[in-house]
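Quick notes on the structure that follows.
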């Protein structure tokens, strides 16, 4: 089955198509994509992952045509950022 693995930094973004066996997990998709070699700063023990914008665990089974996403940590709490913009 075909799935995509996505990751983006502020400088560039990557979307990698991979072919997996049935009953593969999010972790299998990430490993098969090779994205961890391309972006060594990714730490799956700290960063969240998801499928089409919904956070999930690494052991979640993927379905055909899913997009597995690796999320970067937030630099600032969104509520604090909004308060700062409102105060200006």
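State whether one or more residues within the stretch 50-57 are exposed (fewer than 10 other Cβ atoms within 10 Å of the Cβ), at pLDDT 95 or above and in a strand (DSSP E or B). Among the residues of the stretch 50-57, at least one is exposed (fewer than 10 other Cβ atoms within 10 Å of the Cβ), at pLDDT 95 or above and in a strand (DSSP E or B), which makes the answer yes. Considering the stretch 33-47, and only residues there that are more than 18 Å from residue 20 (Cβ to Cβ) and surrounded by 14 or more Cβ atoms within 10 Å (Cβ to Cβ), the residue that is farthest from the chain's Cα centre (by Cα) turns out to be 39.
When residue 83 is tested against (1) exposed (fewer than 14 other Cβ atoms within 10 Å of the Cβ); (2) in a loop (DSSP other than H, G, I, E, B); (3) at pLDDT below 95, exactly one condition is not met: (2). Scanning the stretch 59-80 for residues that are assigned to a loop (DSSP other than H, G, I, E, B), surrounded by 12 or more Cβ atoms within 10 Å (Cβ to Cβ), without any contact (Cβ under 8 Å) to a residue 40 or more places away in the chain and over 11 Å from the mean Cα position of the chain (by Cα) turns up at least one hit. Counting only residues that are touching a strand residue (DSSP E or B) at 6+ places or on another chain (Cβ under 8 Å), farther than 14 Å from residue 63 by Cβ and part of a helix (DSSP H, G or I), the stretch 7-47 holds 5 of them.
The values are calculated or read from the model by the stated rules, or taken from the named source; none is laboratory data. The structure presented is a predicted model; accordingly, all values stated were derived computationally and were not measured. We place every Cβ from the backbone using ideal geometry, glycine too, and count neighbours over all the protein chains shown.
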